[in-house]
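Quick notes on the structure that follows.
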Amino acid sequence: MRKQMNWIFAVSGMSLLLSVLYWSKLWFSFDFLGEEIGSERNAVGTWAGVNLFWAALLSALAYTQLKKVHRKTARVIVTLTKMHLCIQAFPVLLWIILADPGASWRGILAHGVVIALCIAAWTRIMKELREMRKSG
């Protein structure tokens, strides 16, 4: 199980990077909003904060698994990872619906990486939990 927690650390690290990229505006451009540019600051800032909190929570729980494996904690991590996937899906939908195709690829790519990592972590931890249950 300890090895599987590296996937959670990868999810958390990429989520941290994503929050920083949103706050710094280094990677994302909201020019497609035209005259409404600037109106996204509150929503994007709130989302980045929630994303960062979720990443920190997942990392903290994964860290506890490094010291001693608890099946219940692993199940909580799986549930939180599924919820984190939902947190990532919403911005992807907004990038697809609202942004022009030339600007949306960065948002879709960045969130897609986090979604892929979430799915990888979730499936690997679930497999490990099933094996632990079979072995007793």
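The values are calculated or read from the model by the stated rules, or taken from the named source; none is laboratory data. Since the structure is predicted, the reported quantities are computational estimates derived from the model, not experimental observations. Positions of Cβ are generated from backbone atoms using ideal geometry, with glycine treated the same way; all protein chains shown enter the neighbour counts.
Observations
- Qualifying residues in the stretch 84-136 (those that are outside any helix (DSSP H, G or I) and at negative phi) - the one surrounded by the fewest Cβ atoms within 10 Å (Cβ to Cβ): Asp100
- Within the stretch 107-127, residues that are closer than 14 Å to Thr79 by Cα and modelled with pLDDT of 90 or more have Cβ atoms under 9 Å from residues that are part of a helix (DSSP H, G or I) and among the aromatic types (Phe, Trp, Tyr) in these pairs: Cys118/Trp7; Ala120/Trp7; Ala121/Trp7; Trp122/Trp7; Arg124/Trp7; Ile125/Trp7, counting only partners at least 6 apart in sequence or on another chain.
- Residue match in the stretch 43-65 (condition: in a loop (DSSP other than H, G, I, E, B) and modelled with pLDDT of 80 or more): no
- Sole residue being within 20 Å of Met126 (Cβ to Cβ), at pLDDT 85 or above and over 12 Å from the mean Cα position of the chain (by Cα), chosen from Ile8, Ile87, Ile77: Ile77
- Residue that is nearest to Lys134 (Cα to Cα) [pool: residues in the stretch 68-83 that are in a loop (DSSP other than H, G, I, E, B) and not hydrophobic (A, V, I, L, M, F, W, C)]: His70
- Residue that is farthest from Met5 (Cα to Cα) [pool: residues in the stretch 62-74 that are out of contact with any Leu (no Cβ under 7 Å at 6 or more places or on another chain) and not hydrophobic (A, V, I, L, M, F, W, C)]: Lys72
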